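Here's the structure we're looking at; comments come further down.
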Amino acid sequence: MPVIIRTSQPRCTPLRFVPTLVHGIADYLVAVIVIALPFIYRWPSDAAWPLLGLGGAVLLYSLMTDYELGALRYLSMGVHLFLDLLFAAAILAVAWLVGVPTEERWPLYAIGLASLVLLATTRLRARGEPSALATRSRA
């Protein structure tokens with residue numbers, strides 16, 4: 001008869017190897033970069049406003065995520081990753097839907113693709129830590 005060993009730590013697939021702490025650092029860096037890009041490249045306001053909104057949205061939902069760098073810890077990591085998917089799609093769309101010059105779109109493409117890779121490789125919970133949401137629901 002096979003022996004089954006159960007652990008209290010969340011299972012981590014080989015694909016999900018990025019710690020949530022690293023993901024959180026990337027979130028805040030991406031928010032700042034996306035907000036700064038229109039000013040660095042001096043893009044017109046029709047390109048700037050969507051990027052300011054997207055950067056602000058990343059900052060807001062990162063602050064609300066249940067991970068090491070979250071302040072409010074209201075959103076689960078799964079919801080956060082879904083929002084990252086929406087962000088990646090939006091940043092890739094903004095690159096060609098608004099007035100961003102063709103030769104200056106590469107940062108938006110790089111951020112969008114990096115976001116997709118990061119959301120596919122990030123762990124769903126910090127290693128060895130119970131979710132703050134789970135702890136709150138038990139109380």
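Short-range pairs are left out: with C-alpha atoms under 8 Å and at least six residues apart, the relative contact order of segment 70-123 is 42 percent.
Per q in 0.15, 0.21 Å⁻¹, report the Debye log10 I(q)/I(0) for segment 20-122, using one uniform scatterer on each alpha carbon and no solvent. Once normalised to I(0) and log-transformed, intensities are -0.56, -1.01. When you restrict to C-alpha pairs under 8 Å that are six or more residues apart and normalise by the size of segment 20-122, the relative contact order lands at 26 percent.
Since every read-out is calculated from the coordinates, none of them should be taken as a lab result. Here the structure is a predicted model, which means the values were calculated and not measured.
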